[in-house]
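Some notes on the structure that comes next.
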Amino acid sequence: MKIIFQNKDFIVIDKPAGLAVHSGVGTSDPTLVDFLLKKFPEIKGVGDEPEIRPGIVHRLDKETSGVMVVARNQKSFEHLKNLFRGRKVEKKYLAVVHGRLKEKEGRIEGEMGRSKKDFRKMALVRGKISVRKERYSLTRYKVKKEFDDFSLLEVYPATGRMHQIRVHLHAIGHPVAGDKKYFFKNSLPRRQASENTSAERMLLHAASIGFTGPNGEKYFFESEAPKGFGKFFE
């Protein structure tokens, strides 16, 4: 766990892959919240549901690494929450995906929600695919490099739906490498067909975040891609 920045209003951390943000069904290991409460006990009563996720304004999936901002008081929590809701936070992710994209730059958008076919997954409405509690979602992407059967993308989510980037990239036929929930069996060797084990971890990383703080000052924070990305391409 690395703390990138802290002031009286918020903390910016670099979350490692494999660490859940807060406890939930099936979560027994220590979480990011456990770490934060020990280091910053003042966040205990901050947030909409402080008993579950104190100070947490936005989340990263357990297997996603990268930069995250956490509120230290209720005033900054409300400020940051409104920025995210108003799409006034600039977020960039790095993603390694299967295949080469025909369109090297584009946008993926549509209504998404929990899949009616499998309640454990989220889905983007298209064709015969329908969901519960659909909400609009938008992701922009740009191809940075191509390596044989994989591509490295810069991804810019404009909205913040659960599993949004993973679902969107899967929906256009290019799932994130190492994603064990959203993948195609026929895109992997036979020995890997039961689950997506093309990488040691899911290769999705929150690379940067930019926003205006409660004091009106503009902030921008970055996190370098973990060693797992370079190791995969080697």
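The values are calculated or read from the model by the stated rules, or taken from the named source; none is laboratory data. Just so it is clear, the structure is predicted and the values come from calculations on it, not from any experiment. Methodologically, a virtual Cβ is constructed for each residue, glycine included, from the backbone with ideal geometry; neighbour enumeration extends over all protein chains shown.
Of all the listed residues (Lys75, Lys117, Lys81), the sole one being in a helix (DSSP H, G or I) and exposed (fewer than 13 other Cβ atoms within 10 Å of the Cβ) is Lys75. Using the structure shown, decide if Lys88 is in contact (Cβ under 8 Å) with a residue 40 or more places away in the chain and closer than 14 Å to Gly160 by Cβ. Yes; evaluated as a whole, the condition is true for this residue. For Asp61, the requirement of being free of Cβ contacts under 8 Å to residues at least 12 places away in the same chain and outside any strand (DSSP E or B) is not met.
Evaluated against (1) out of contact with any strand residue (DSSP E or B) (no Cβ under 7 Å at 6 or more places or on another chain); (2) within 25 Å of Glu200 (Cα to Cα); (3) in a loop (DSSP other than H, G, I, E, B), Glu146 falls short on exactly one condition, (3). Within region 125-139, the residues that satisfy the criterion of being modelled with pLDDT of 90 or more and buried (at least 16 other Cβ atoms within 10 Å of the Cβ) are Ser137, Leu138, Thr139. Has region 44-54 got at least one residue that is touching a helix residue (DSSP H, G or I) at 6+ places or on another chain (Cβ under 9 Å), touching a residue at least 40 places away in the same chain (Cβ under 8 Å), in the same structural domain as Ala20 (by TED's automatic domain parsing) and part of a loop (DSSP other than H, G, I, E, B)? Looking through region 44-54, none of the residues is touching a helix residue (DSSP H, G or I) at 6+ places or on another chain (Cβ under 9 Å), touching a residue at least 40 places away in the same chain (Cβ under 8 Å), in the same structural domain as Ala20 (by TED's automatic domain parsing) and part of a loop (DSSP other than H, G, I, E, B). Restricted to region 148-170, and to residues there that are of a type in the set (D, E, K, R) and in contact (Cβ under 8 Å) with a residue 40 or more places away in the chain, the residue that is nearest to Ala225 (Cα to Cα) is Glu154.
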